[in-house]
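Colleague: Below is one structure. I have some questions about it.
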Amino acid sequence: DGPNVGYANQNFEGGRFSFAQVAEVVSMLQRAGKRVLLILPAKYARDVVPNHTSSSQPDDRITAADRALLDGWRSEGLLYTTGPGMYDDWYWMLATVGRGDSQPVAVTNDAMRDHWADLLPARDFARWRASKVVPFSFGAAASAPRDAAAPPTHAVADPPIADPPPA
């Protein structure tokens, strides 16, 4: 859930969508041998992106470093951008539905209070969420102003262990 990761700890004056935070999580997952699919709304792959923090600036121009990250993810085949006006959460939720030995999960802190009613009965949704959603956290460096030299520290919980499918 690219937007959820990118906006984590950014709700302060001067906060912004952090491509560096997204890159940290992508890199950590890759180092752990995980296959990554990064889903972003198309508006986050443009030169000016929305700023949904408490910052007084409604939009931000992406930096050359941000553009390099986007281009790198695209060239590695990691980036999928949803169309304008599309709800990106449906995409990452669908991506967690695997077949066979695949055990895909979504890295997000989204509480999903507004999702379950349209998808599944409450009990089934709670079971899906418990087995397919992995929370994350960043240390204090992630919420520092964007010109801070220290990279964010991060933690992604181990994926839940799902029961094997019935034989």
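The values are calculated or read from the model by the stated rules, or taken from the named source; none is laboratory data. Everything numeric here is computed off the predicted structure, so don't read it as measured data. Positions of Cβ are generated from backbone atoms using ideal geometry, with glycine treated the same way; all protein chains shown enter the neighbour counts. Heavy atoms of the whole protein, side chains included, go into the accessibility calculation; ligands, DNA and RNA do not. Shrake-Rupley method; radii C 1.70, N 1.55, O 1.52, S 1.80 Å.
Colleague: Within the stretch 48-74, list the residues whose amide N lies under 16 Å from a label point set 7 Å along Cα→Cβ of ALA20.
Modeller: Hits in the stretch 48-74 for ALA20 at 16 Å: 61-70.
Colleague: What is the distance in Å between the Cα centroid of the stretch 12-46 and that of the stretch 79-113?
Modeller: 14
Colleague: Can you pull the one-decimal nm distance between simple spin-label points at ARG113 and MET28, each 7 Å off the Cα toward Cβ?
Modeller: With each label point 7 Å from Cα toward Cβ, the separation is 2.5 nm.
Colleague: How large is the Kirkwood hydrodynamic radius of the stretch 1-136, in angstrom, based on all distinct alpha carbon pairs?
Modeller: Working: mean 1/r = 0.0631 Å⁻¹.
Answer for the stretch 1-136: a Kirkwood hydrodynamic radius of 15.9 Å.
Colleague: Need one word for the stretch 1-69: rounded, prolate or oblate. Basis is the Cα gyration tensor (sqrt eigenvalues a ≥ b ≥ c); a/c below 1.5 gives rounded, then a/b vs b/c decides. Don't skip to the end; give the middle numbers.
Modeller: Values: a/c = 2.19, a/b = 1.70, b/c = 1.29.
Because a/c hits 1.5 or more and a/b exceeds b/c, the stretch 1-69 counts as prolate.
Colleague: Which FRET efficiency, nearest 0.05, do VAL134 and SER56 yield, Cβ-Cβ r, R0 25 Å? All intermediate terms of the calculation are to be shown ahead of the outcome.
Modeller: Values: r = 33 Å, r/R0 = 1.32.
Using R0 = 25 Å, I get an efficiency of 0.15.
Colleague: Here is a follow-up. Working out 0.36 nm times the residue gap between VAL97 and ARG35, then minus their Cα-Cα distance, what length gain in nm do you get to one decimal? List each step's numbers first, then the result.
Modeller: Details: separation 62, 0.36 × 62 = 22.32 nm, distance 1.45 nm.
Working it through step by step, the gained length comes to 20.9 nm.
Colleague: Between ARG74 and ALA122, take the C-beta separation as r, use R0 = 35 Å, and let me know the FRET efficiency to the nearest 0.05.
Modeller: Numbers: r = 38 Å, r/R0 = 1.07.
It comes to 0.40.
Colleague: Let me ask another. Residues of the stretch 31-144: accessible area per residue at 1.4 Å, in Å²?
Modeller: 60
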